[in-house]
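Novice: Have a look at the structure that comes next, please.
The values are calculated or read from the model by the stated rules, or taken from the named source; none is laboratory data. The structure presented is a predicted model; accordingly, all values stated were derived computationally and were not measured. FYI the Cβ positions are ideal-geometry reconstructions off the backbone, even for glycines, and counts take in every protein chain you see.
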C-alpha cells in the first residue's frame with residue numbers, strides 16, 4: 001500500500017430502475033442496469049497511477065441501500081412483527097476485476113449484477129472500498145474504509161408500473177467478454193415501446209377522436225335514431 005496513494009471510486013454504470021421483489025425469492029428482479037464501480041489509485045501531487053495497487057486482488061467494495069437524500073441507510077427492513085430482514089437483496093460485496101472497458105482502456109472494476117430491492121420507492125446505493133491485509137486477518141483485526149461514493153437516485157417500481165429491463169450497455173458486454181460475472185441482456189424492448197405508446201395515446205387520445213383522418217361511419221343505431229326523430 002502506497003503512503004501517498006489517493007483512492008477514488010467512480011460509478012461507471014448508474015442504477016436506474018428495478019421492480020420491487022417483495023418477500024419471495026422465486027421472482028427476484030435485479031436492479032437495472034447492474035451497478036459497475038471503477039477504482040482509481042494515483043498520486044494526488046504528480047497524478048501518477050499506481051498500477052500495482054490497482055491490481056491488488058484483496059480490495060473489496062461493499063454496497064448498502066440509502067434513502068434518496070443519502071442521509072439514512074435503509075438496507076435493513078423492520079417487519080410488522082418486529083423482525084428485521086434485508087430490504088436490499090443479493091451479493092453486497094464485490095471483488096475486483098482488472099479488465100478493459102468499452103474504449104479498450106484497462107481499469108479495475110467491481111460489478112454488482114444481482115442486487116434487488118424488496119420495497120418500492122426512490123433510493124441510492126452507497127459503495128465503500130476496503131483493502132484486506134492478510135496480516136490483519138486475526139481476532140481484533142480490522143480493515144479501514146479507504147473511500148466511498150453514492151450512486152444517483154434510482155426508482156424501485158411496483159410490478160404494474162415497472163417499465164421493463166434495458167438492453168445491456170457496451171461496458172457490460174465488454175466486461176462480460178473478459179470473464180466478469182455479469183449477465184448480458186437483450187432487454188424488454190417490446191414492453192418499453194408498449195408503455196411509451198400507451199403514454200402517448202393517453203395524452204392525445206381525446207384529440208384523435210373525430211380529428212383529421214379520424215372520421216367514422218355512423219353505426220345502425222345512430223341511423224335508426226335519426227330516422228325516428230324525423231318522423232316525430
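Per-residue answers, yes or no, for (1) modelled with pLDDT of 95 or more; (2) within 22 Å of residue 128 (Cβ to Cβ):
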residue: 26; (1), (2): no, no
residue: 44; (1), (2): no, yes
residue: 47; (1), (2): no, no
residue: 59; (1), (2): yes, yes
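Novice: Return a yes/no flag: does the stretch 50-68 have any residue that is touching a helix residue (DSSP H, G or I) at 6+ places or on another chain (Cβ under 8 Å) and closer than 29 Å to residue 175 by Cα.
Specialist: Yes, that holds for at least one residue.
Novice: Residue 109 fails exactly one of the following numbered conditions: (1) over 14 Å from residue 39 (Cβ atoms); (2) in contact (Cβ under 8 Å) with a residue 24 or more places away in the chain; (3) not in a loop (DSSP other than H, G, I, E, B). What is the number of that condition?
Specialist: (1)
Novice: Do any strands (runs of 3 or more DSSP E) entirely within the stretch 116-232 hold 2 or more residues that are over 17 Å from the mean Cα position of the chain (by Cα) and modelled with pLDDT of 55 or more, and if so, which?
Specialist: Fully inside the stretch 116-232 and qualifying: 121-131, 145-150.
Novice: Here's a follow-up. Which of the residues spanning the stretch 13-38 are without any contact (Cβ under 8 Å) to a residue 40 or more places away in the chain and surrounded by 13 or more Cβ atoms within 10 Å (Cβ to Cβ)?
Specialist: Of everything in the stretch 13-38, nothing turns out to be without any contact (Cβ under 8 Å) to a residue 40 or more places away in the chain and surrounded by 13 or more Cβ atoms within 10 Å (Cβ to Cβ).
Novice: Within the stretch 1-22, restricting attention to residues that are within 19 Å of the chain's Cα centre (by Cα) and at pLDDT below 90, which residue is nearest to residue 181 (Cα to Cα)?
Specialist: Filtering the stretch 1-22 for residues that are within 19 Å of the chain's Cα centre (by Cα) and at pLDDT below 90, the one nearest to residue 181 (Cα to Cα) comes out as 21.
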